[in-house]
Amino acid sequence: MSQPGRPHELPGSLDEATQQQLIQEIGRLIVRALPPGWREASVEYRALGDHQELVAQLIAPNGTAVPLAAPPEAAELFTRLRHGMYQPDRGTWVSALYRLQRPGSYTVDFNGDYEPNWRTAPPPTAHADELSRFPRPAATTPAWLAPHPAGQLRTAEVFDDSGRPITERPELDPAEREPIADYLERAPVVLAARSYDTDRLDPNRSPAVPMTFHTDGSWVWPGAVGYYLRQHGVAPESDLVAHIRRQGFQVPEVPEPVREQAVTLITGEQRA
């Protein structure tokens, strides 16, 4: 979805009364687009830099979600609202969930801290563009949005202090599990042992956990990450998942010097 032209107002220029007017105007647009007999509906707007998405659905009485075409004009109003709600100490929100119930009640939840569940991964430039338009202090910039120095590799955490896989993480969308697992396993192997490790969530299985390390040039992770995702549905850490989404689930080329840097990082941590 293409981004409308930037609002002419300065970021953060909308007072609370104008914000409420825009919110109510968005609600009226949505209601006009709903079919007769509707009872409950939701519209979610997600944006980062020039990237934006608008997703609408009806909620049936049994809780089933039915996709719905959202009025494009709503995106323009959401864009203006996001721009006008900017705060120098917090930035602005990156997703807004608008829920409506018949006959006339509604709620709007704004999210400025957690990465939205994108339908299509934002382009690599979107994060820098977001921070350029809506600067935030480092202390209030979430890790998924914060820039990382060029050439700095990040290591994915897999096990807790007791040696068990970390399982208390947000669940993945079932549709993403396969492409994320493929990404984790297709990335170049930079270090490998000849043997396999024991499955620490099912010790009675024959050893099958790959004792390998992979890198995509930005992250380094053990083969256990892909294994526990495929075999037990254990999600990787959220920042790594967000990074894979931004890559469009496509593993980039990794130059040899970066692979060597990954090996140095892994062996240095193992000695420590």
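The values are calculated or read from the model by the stated rules, or taken from the named source; none is laboratory data. In this text the structure is predicted, and so the values were computed from the model without any measurement. Cβ coordinates were reconstructed from backbone atoms using ideal geometry, including for glycine residues, and neighbour counts include every protein chain displayed. Quick note on the areas: whole protein, heavy atoms, side chains included, nothing else; ligands and nucleic acids left out. Shrake-Rupley method; radii C 1.70, N 1.55, O 1.52, S 1.80 Å.
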request  = Could you tally the net charge around Glu40, taking each other residue with its Cβ under 13 Å from the Cβ of Glu40, Lys/Arg +1 and Asp/Glu -1?
outcome  = +3
message = Let me check I've understood the local charge: for Glu53, count other residues with C-beta under 15 angstrom from its C-beta, Lys and Arg +1, Asp and Glu -1. What total comes out?
response = -1
query = Rg and Dmax of the stretch 124-209 over Cα atoms: what are they, in angstrom?
reply = 17.8, 53
query = At 222 nm, what helix-only mean residue ellipticity would the chain give, in deg cm²/dmol to the nearest 500, using -39500 (n - 2.57) for each DSSP H run of four or more?
reply = -10000 deg cm²/dmol
ask   = Whole-Hz Karplus ³J(HN,Hα) for the stretch 84-100, in order, using 6.51 cos²θ - 1.76 cosθ + 1.60 and θ = phi - 60°, x for Gly and Pro?
value = x, 8, 4, 10, x, 8, 10, x, 9, 6, 10, 8, 9, 10, 9, 10, 10
ask   = What would the Debye formula give as log10 I(q)/I(0) at q = 0.16, 0.18, 0.22 Å⁻¹ for the alpha-carbon point model of the stretch 1-117, no solvent?
value = -0.74, -0.92, -1.32
request  = Could you list which residues have their amide H under 5 Å from that of Ala121, counting only those 5 or more apart in sequence or on another chain, with H placed in the peptide plane?
outcome  = none
Average accessible area per residue (Å²) across the stretch 137-200 - probe 1.4 Å, nucleic acids and ligands excluded = 63 Å²
key: Size of the stretch 51-210 as Cα extents on the principal axes (Å, biggest first)   = 61, 45, 28
ask   = Over the stretch 54-142, with a single point scatterer placed on each C-alpha, what log10 of the ratio I(q)/I(0) does the Debye formula yield at q = 0.15, 0.24 1/Å?
value = -0.70, -1.42
query = What does the highest-first list of 35-41, 127-133 look like by mean Cβ count within 10 Å?
reply = 127-133, 35-41
key: For a label point 7 Å along the Cα-to-beta-carbon line of Gln57, residues of the stretch 117-133 with backbone N under 16 Å   = 117-120
request  = Would you kindly calculate the translational diffusion coefficient of the stretch 147-272, applying Stokes-Einstein with the Kirkwood radius from alpha carbon pairs, for 10 °C and a viscosity of 1.306 mPa s, and quote it in µm² s⁻¹ without decimals?
outcome  = 106 µm²/s
request  = Could you check which residue among Pro179, Pro135, Pro207 shows the biggest mean-square fluctuation in a GNM of the chain with a 10 Å Cα cutoff?
outcome  = Pro207
query = Hey, what do the phi angles of the stretch 224-229 turn into as Karplus ³J(HN,Hα) couplings, whole Hz, using 6.51/-1.76/1.60 and θ = phi - 60°, x for Gly and Pro?
reply = 4, 4, x, 4, 5, 5
message = Going by average Cβ density within 10 Å per residue, which order do the peptides 212-223, 60-71 take, highest to lowest?
response = 212-223, 60-71
inquiry  = If amide hydrogens are placed 1.01 Å from N in the peptide plane, which non-local residues have theirs closer than 5 Å to the one on His214?
reply    = Val190, Trp221, Gly223
query = What are the semi-axes of the equivalent ellipsoid of the stretch 216-272, taken as the square roots of 5 times the eigenvalues of the Cα gyration tensor, listed largest first and rounded to whole Å?
reply = 21, 17, 9
ask   = In Å, what Rg and Dmax follow from the Cα atoms of the chain?
value = 21.9, 67
ask   = Taking the mean number of other Cβ atoms within 10 Å as a proxy for protection, how do you rank 116-122, 89-95 from highest to lowest?
value = 89-95, 116-122
message = Could you work out what % of the accessible surface of the chain is carbon and sulfur, using a 1.4 angstrom probe and leaving DNA, RNA and ligands out of the count?
response = 51 percent
